[in-house]
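Q: Could you have a look at this structure, given as structure tokens, before my questions?
The values are calculated or read from the model by the stated rules, or taken from the named source; none is laboratory data. All figures in this text were calculated on a predicted structure; none of them were measured in a lab. Here Cβ is always computed from backbone atoms with ideal geometry, including for glycine, and neighbour counts include all displayed protein chains. In case anyone asks, the SASA skips ligands and DNA or RNA and just uses the protein heavy atoms, side chains included. Shrake-Rupley method; radii C 1.70, N 1.55, O 1.52, S 1.80 Å.
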Amino acid sequence: MPAITHTPGGSPGEPSGSSAVADAARAAELTAASAGWRSLRLTLAQLADLELLLLGAFGPAPGYPEETLRDGLRLPALLVPDEAGAGLGPGDPVALRDRDGAMIAALRVGLVHRSGEADAGDLPSGMIRLVGRIEGVRLPRHPDYPGLRPRPAELRAELLARGWLTPGGRAPWAVWADSLLHTADVARLRALTRQGKRCVVLAPVGGTDPADPRHHLRVRALHAALDALEEPVRPTEATLVGEALAAEATRPAALGRVTPPAPMTPLARGPRPTGSQPAHVLLVLVPVVPSPELAAPREPGITATPLRGAAPNGEPGEADRIAELATLRAHLAEFYGLGGSLTGPALGAPERAELTALLAAGRPIPAELTPPAVAAELARAYPPRYARGFVALFTGPSGPGSTLARLLVIRLLERGDRHVTLLDGGALDDGAGTPLSAGLGSSRADHEIDTDWIGFVAAEVAAAGGTVVCASITPSASVRARVRARVEATGAGFVLVHVSAPPDVREARDRERLDGEAPAGPPPEPAGGAGPYEEPTDAEVTVDISRLSSEEAVEAVLTYLHAEGWLLP
């Protein structure tokens, strides 16, 4: 089935079906005037909110409102750091730009709320909230999957062309896919389509970097799941018909309406071209930020469209949060011309941790959990741990940490089955003897910059399958957590090694002092001049060098790597 016809985007003054985007002459006028304005570069998530505003999802006169909650519908808010909005006041024009600097819209500031003020509400510390009307110059650019990104009017035209929208008939269902679609989700879709219902799978991709491999894995996996609709029905799927009917009853518009079954077009055979569509359902990428709450599998008894009341995990405020998300999704589904709105995975969908454990061990994912084609995509992206990259970060006293890191590199190279890179704080240079950390001192802020840089490089190398051993004091627990998150987001492993020892042992074993390169004096503090060292509470391995030799400490790290599957026996 061909891709949905899509008008190329990203040009100033483009016709968009919304009065929020100016015509070419006005767009050129705003762009020229913006040379003398303040500019704000929006995050990818903020650009997604802005795109919805410009499309008219929240009304024909878009802007960032004073009241962000309207009849249970949470409206977009523009929050920026204090320094970015310093000096802004009512009446000021602001150019809203993407990360490449292209102007997307003009904001006329109406109000400025600053954290700590009486009317700021729960605004985070160090942030301000801008209120005002916006005028669009262009819609944000999307170089990836243009055939899967129809605007609302284009989607409605496609639904009419397919015969899915008929006078007095039931509009197609919106099935939100905040993560992947697994076997239970496919069964739910099949149950709906066998009842004659048409379905549009809305995949939130707002805030997603088109250069992120995980984004493309997700789109491929969604296509693979929808292809599974033509496979034979599993016996257990019959029980899911009741869930689909019960979910429909949660939507008031569904009451009293019956749509007779309609014949389905056979699925196209053979590989699908990039951006093309299956026949039973449509897959549409929408500028909505994915929700972790709506991606999490639900306990039995939780309705597909959560209502106000008990939360799945009983967390305070979680029920209202999920209710807000469901209200927003139902609103956006209607904006795209759709009827019922299903949010959250189907009952029986697997937990992320369950799939992660199977992939890490190199075990096959059963078809009862996810369709084989989806499992194949996941296995290709996430091979067993012994075939993935990982980062081992030594934190603690600088001298012993560096010594142990270097010894671990030697032991790994002796094995000969991994490509190993050493990133050793201040010892890094550009090959000409100039430290890559040149200009950085020993302050806490400089340590954080150095660790962030090491973490970025380590994550990139590990994402490509390499092994990275790092030695860095990293006194801040939050910075270590940031590095861990960056590495694990790529699918690589992260092993934090805490090098622990009392000050007198640190002095005796400090490599720099033994080489005579450090000044005489009292033993150094663990964090140098960076302030107090925050002891790790999440280290995978802790080695006490007052009791272990260097060889014994490194052997403890190797034992952990073997036990967790990062190294083959």
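Q: Which value, in Å² and to the nearest 10, is the accessible area of Y145 when all protein chains are kept and the probe is 1.4 Å?
A: The value for Y145 is about 40 Å².
Q: Per residue, what accessible area does the range 349-396 have, given a 1.4 Å probe and all protein chains present, in Å²? List each step's numbers first, then the result.
A: Working: 2180 Å² over 48 residues.
Averaged over the residues of the range 349-396, the accessible area is 45 Å².
Q: Based on the alpha-carbon gyration tensor of the range 154-219 and its eigenvalue square roots a ≥ b ≥ c, which shape applies: rounded if a/c is under 1.5, prolate if not and a/b is larger than b/c, or oblate? Please list the in-between numbers first.
A: Values: a/c = 3.31, a/b = 1.55, b/c = 2.14.
Note, shape of the range 154-219 comes out oblate.
Q: For S341, S443, give me the order by solvent-accessible area with a 1.4 Å probe, most accessible first, ignoring ligands, DNA and RNA. Could the numbers behind the result be given before it?
A: Values: S341 0, S443 50 Å².
The ranking, largest first, comes out as S443, S341.
Q: Here's another thing I want to ask about it. Alpha carbon centre of the range 160-194 versus the range 54-85: separation in Å?
A: Here the two parts' Cα centres lie 30 Å apart.
Q: Oh, and also: How would the range 46-140 be classified by its alpha-carbon gyration tensor: rounded, prolate or oblate, with rounded meaning a/c under 1.5 and the a/b versus b/c comparison settling the rest? Walk me through the numbers before you get to the answer.
A: Working: a/c = 1.77, a/b = 1.21, b/c = 1.47.
Oblate is the answer for the range 46-140, as a/c is 1.5 or above yet b/c matches or exceeds a/b.
Q: Using only the C-alpha atoms of the range 67-190, find the volume of their convex hull and express it per residue in Å³. Let's see the in-between values first.
A: Details: hull volume 26.0 nm³, N = 124.
That works out to 210 Å³ per residue.
Q: Here is a further query. Given points 7 Å out from each Cα along the Cα-Cβ axis, report the H216 to D23 separation in nanometres with one decimal.
A: Going from the H216 label point to the D23 one covers 4.1 nm.
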